[in-house]
Amino acid sequence: MAKKIIVNGYAYSWRDLRHRLDRVRIRLPQAMADAARNFFVDSFTKQGWDTGHGIKKWKPRKKSDGRRRRAILVKTGRLRKSIRIRRATFRRITIAAEAPYAAAHNFGVDETVTVRAHTRRTYGRVQEKYTTSSGKERTRTKRVETGSLTVRSHTRHMQLPQRQFMGDSQMLDQKLDRIVERAVEEIFDI
């Protein structure tokens, strides 16, 4: 076996070149997976999907939930946090959103679904008297659970607009190409 290899007129030690290649084979998949995951999570900041030709903004909610305005698809952050790297090898990189409702939001839904039987709690308001630290009596309204109702199984038509946060994107492909180019440059000291 040759001790030197010549690439584009430069002579490289075969052992050194193989060592560099092995190092890149270990680091490259994780770097690409991290970049893809970060790209998907950034969709929540951008409030839309970056196609490479601009950002396709998500459709706003129909109505406010009574609180201050919050970002679309963000209430607790569970969906955004569920985007994880499952596998990052040289052969395959797998990134998944593990929240059970992730696919419904990413692809949209327009179908009839069955709602299972469940119990719904009921609440009421109660006036409560209390004494302040200065000794004055005050009254406040408190929300308390008053009972529960059993809801039978039924069907309903469900419509969720597509709010894509994962998938193919020309912009993501360009980012991944730059990572691969830097890895090749690292191998050959370009």
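The values are calculated or read from the model by the stated rules, or taken from the named source; none is laboratory data. This is a predicted model, so every value here is computed, not measured. With ideal geometry, Cβ positions are generated from the backbone for all residues, glycine too; neighbour counts draw on all protein chains shown.
Quick look at the numbers
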read-out: Failed item in (1) over 19 Å from Leu160 (Cα atoms); (2) at pLDDT 95 or above; (3) surrounded by 13 or more Cβ atoms within 10 Å (Cβ to Cβ), with Thr51 passing the rest; value: (2)
read-out: Residue satisfying condition, being in contact (Cβ under 8 Å) with a residue 40 or more places away in the chain and either within 16 Å of Leu176 (Cα to Cα) or within 12 Å of the chain's Cα centre (by Cα) (or both), within set Arg92, Arg84; value: Arg84
read-out: Per-region count, segment 90-112, residues assigned to a loop (DSSP other than H, G, I, E, B) and surrounded by 12 or more Cβ atoms within 10 Å (Cβ to Cβ); value: 4
read-out: Qualifying residue in segment 153-164 (condition: modelled with pLDDT of 95 or more and more than 30 Å from Ala71 (Cα to Cα)); value: yes
read-out: Any hit, segment 113-129, residues being out of contact with any Lys or Arg (no Cβ under 9 Å at 6 or more places or on another chain), surrounded by 10 or more Cβ atoms within 10 Å (Cβ to Cβ) and not in a strand (DSSP E or B); value: no
read-out: Thr141 out of contact with any His (no Cβ under 8 Å at 6 or more places or on another chain), over 23 Å from Thr51 (Cβ atoms) and without any contact (Cβ under 8 Å) to a residue 60 or more places away in the chain; value: yes
